[in-house]
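Dropping the structure in here first, questions after.
Readers should treat all values here as calculations from the given coordinates under stated rules, not as data from a laboratory. This one's a predicted model, so the numbers in the text were calculated from it and none came from an experiment. Please note: Cβ atoms are built from the backbone with ideal geometry, for glycine as well, and neighbour counts cover all protein chains shown.
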Amino acid sequence: MLSETLTSIFNKLPAKSVHAHCDGPCGVYDPASARVAAEAVLSMTKKLIALAPAGNDQASISAYNNTFSRFVAIKEEESQKTKKELLILWTDYFKPEHLATYPDLHDTFWKAAKLCSACKVSIDQTKAEELLAAVQKIHSMFWSSKGRSDSWITAS
Amino acid sequence: MIAGLQQANKSLFQKPDLLTLFTLIIGYRQHLRVVGNSMEGTLKEGDLITYKKLNPKNIDLKIGDIVVASHPKIKNKLIIKRINMIYQNKFDLRGDNSMSSTDSRELGLIELDLIIGKVDKIFSK
C-alpha cells in the first residue's frame, strides 16, 4: 500500500526536464520523415471516410470493425509521428537567427502541431490536407534556410 | 542488452521510499525527469532521477558517473550524460546510446563549472 502510494507520488512528482539529447550527433535533419507521416495521415483519413461494411451480417460487421480500428490506430500513430518529427525540426534544427528570415516560424510550427492533434481527434480530410500543406510550408522553410530549393515531391 | 550500450549501474536503481521523498522536500536532493533516449540502456524517457549538487570543496566525480550538466550552448537547458573521460577538470560526456546522442563528440569537452550534480538515484517509470 505504502509502496504503491510512493510510486504514484514519484510518478506524478512535478519535475523539470533534463535532456538526454536524442538528435543525431551528425546533425542530419530532413523534413521528409514528417512529410511521409503526414501523407499517411491523409491516406488513412481518406480510407476511413470511404470505408463501409460489406453487408449487415455479423461477419461483415466484425470485418468492418476490425479494419476501422486498424485504420484509426495507424492514423493516430502517424499523426503522433508527424508531430514528433516536426518538433525535432522546430526545437533542434531551427535557431533563433532563423526568425529574422521566417518571422512566422513559431506560428507555423505551432499550428502544424495543433493540426496533428486535430487529425487524431477526428476523421477530417480537410484537417489532414491542411496538415500536409503545413508540412510543405515547413519543407520550403527548411530547404531555403539551407540555400536550397528542393522541390516538393510526395510519395502517394 | 543492446550491443554498444553501457551496462546500467544497478545500484542506482531504487524503489520510491519515504527517506528520498523527505530529502527532496527539504532540498537535500534535487530531482529531474528524463526527456529523450540518448541514455537508453540506463535511462528511458519519463524516468525520475535524483542528484546532489556538487560540493565545490569536494568534487567527487569519476569516470562512469552519470551527471547533470548545463548545456554548453543553450541557456537554461540541462543535459544528462555519463562521464567517459576526464582531462584536467574538463569532462568528456557521452550518452549510453551512442547511436542517438548529442554529447562531447559534438559539444566538445564540458567545463567543470557546467556540471551541476551527480545522479545518485534512478526511479524507473
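Which whole number gives the average count of other chain Cβ atoms within 10 Å of the Cβ atoms across peptide B:36-49?
3
For peptide A:5-16, compute the average count of partner chain beta-carbon atoms within 10 Å of each residue's beta-carbon.
5
Going down the list A:K16/B:K118; A:K95/B:K53; A:K95/B:K75; B:K90/B:K125; A:K114/A:K137, which pairs span over 22 Å between their C-alpha atoms?
Working: A:K16/B:K118 16 Å; A:K95/B:K53 30 Å; A:K95/B:K75 13 Å; B:K90/B:K125 32 Å; A:K114/A:K137 15 Å.
The answer is A:K95/B:K53; B:K90/B:K125.
Could I ask something else about it? What is the Å³ per residue value for the convex hull set by the Cα atoms of chain A?
176 Å³
Got a sec to turn the phi values of the stretch A:92-102 into Karplus ³J(HN,Hα) couplings, 6.51 cos²θ - 1.76 cosθ + 1.60 with θ = phi - 60°, whole Hz, x for Gly and Pro?
So the Karplus estimates, Gly and Pro as x, are 9, 7, 6, 10, x, 5, 5, 4, 5, 7, 10 Hz.
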